[in-house]
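Quick notes on the structure that follows.
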Amino acid sequence: MSSEPRNAVIFDLDGVLTDTAHFHFIAWQKIAHQVGVEFGEAENEALKGIDRMRSLEMILSRSDMTFTDAEVFALAEQKNTHYQSLIAEMTPDDVFPGVNTLIQGLKAEGFGLGVASVSKNAEFVLTRIGLLDEFEFVADAAKIKNTKPDPEIFLTVASALSVPPEQCIGIEDSQAGVTAIKAANMPAIGVGSADTLTQADTIVARTGDITPALITQWLNK
Ligand code: B16
Ligand code: MG
């Protein structure tokens, strides 16, 4: 008996399931100011979805100071320690409104659910906010060689869920992430602004605005 292959939804974490994107911003801004670099919303936007070392390289490339490898490593550690102090207090109340309803609705309709975050803190955050057990597969950022906008992480999650990429849809708040989803040959739902997420197939202001019906609509296009 042959059964129809199922569909899957692959979520980004930071900025899609919860507001850790803001904590990354606070921690990066402190580092940037320390090395004499301006760091506002626009600069932060370019770092979203980019892994820690690459993000730091992007900040340091705008500094007049020079750094040894050991100093670069220490700055990365400092940013991560600050970030971890911010996420340590997270609770299930920090899940974005409507996300739990969306997840339960998708599960009821048989979607596979995965998380594609390049954050090495993703599992800790998902545990703190009580969502870890809701997903069949959470990518291990330590095993991903190419950060977003490379499609590797989305293709890895699709493969782990045993769902072909064309039957998956990705949800992202970052430019790099939307580009990664499109490069993986999946429709992309952008969370945020159409001015920023220009490659997204459709945009919502908040993750809680997404419904299983919207996802089905895009998968059937
Ligand atoms: P960490 P995502 C990304 O997570 C963030 O958007 C990005 O700002 C951060 O630098 C990156 O994770 C690495 O995070 O330092 O915790 O390993 O958006 O892919 O969920
Ligand atoms: Mg994100």
> Which of the residues belonging to segment 148-164 are assigned to a helix (DSSP H, G or I) and over 14 Å from VAL9 (Cα atoms)?
Replying inline: GLU152
> Could you say which residue among GLU57, GLU45 is touching a residue at least 40 places away in the same chain (Cβ under 8 Å) and closer than 17 Å to LYS148 by Cβ?
Replying inline: GLU45
> Picking from ALA8, ALA70, which residue would you name as being surrounded by fewer than 13 Cβ atoms within 10 Å (Cβ to Cβ) and more than 10 Å from ligand 1 (Cβ to nearest atom)?
Replying inline: ALA70
>> It is to be established whether one or more residues within segment 53-60 are closer than 30 Å to PRO165 by Cα, open to solvent by 10 Å² or more (accessible area, probe 1.4 Å) and within 16 Å of ligand 2 (Cβ to nearest atom).
In response: yes
> Looking only at segment 116-138, which residues are within 19 Å of SER159 (Cβ to Cβ) and open to solvent by less than 10 Å² (accessible area, probe 1.4 Å)?
Replying inline: ALA116, SER117, ALA122
> If you check GLN78, GLN84, GLN104, which single one turns out to be more than 27 Å from GLY208 (Cβ to Cβ) and either in a helix (DSSP H, G or I) or open to solvent by less than 50 Å² (accessible area, probe 1.4 Å) (or both)?
Replying inline: GLN78
> Can you tell me which residues in segment 29-51 are within 10 Å of ligand 1 (Cβ to nearest atom) and in contact with a His (Cβ under 9 Å, 6 or more places away or on another chain)?
Replying inline: ASN44, LEU47, LYS48
> Of all strands (runs of 3 or more DSSP E) completely enclosed by segment 165-216, which ones contain at least 1 residues that are open to solvent by 10 Å² or more (accessible area, probe 1.4 Å)?
Replying inline: 188-191, 202-204
>> Of everything in segment 163-192, what is touching a residue at least 60 places away in the same chain (Cβ under 8 Å) and out of contact with any Phe, Trp or Tyr (no Cβ under 7 Å at 6 or more places or on another chain)? Give them in sequence order.
In response: VAL163, PRO164, GLN167, CYS168, GLU172, ASP173, SER174, GLN175, ALA176, GLY177, VAL191, GLY192
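The values are calculated or read from the model by the stated rules, or taken from the named source; none is laboratory data. Model, not experiment: these values are computed from the prediction. Glycine also receives a Cβ, built like all others from the backbone with ideal geometry; neighbour counts cover every protein chain displayed. Side chains included, ligands, DNA and RNA excluded: accessible areas come from the protein's heavy atoms. Shrake-Rupley method; radii C 1.70, N 1.55, O 1.52, S 1.80 Å.
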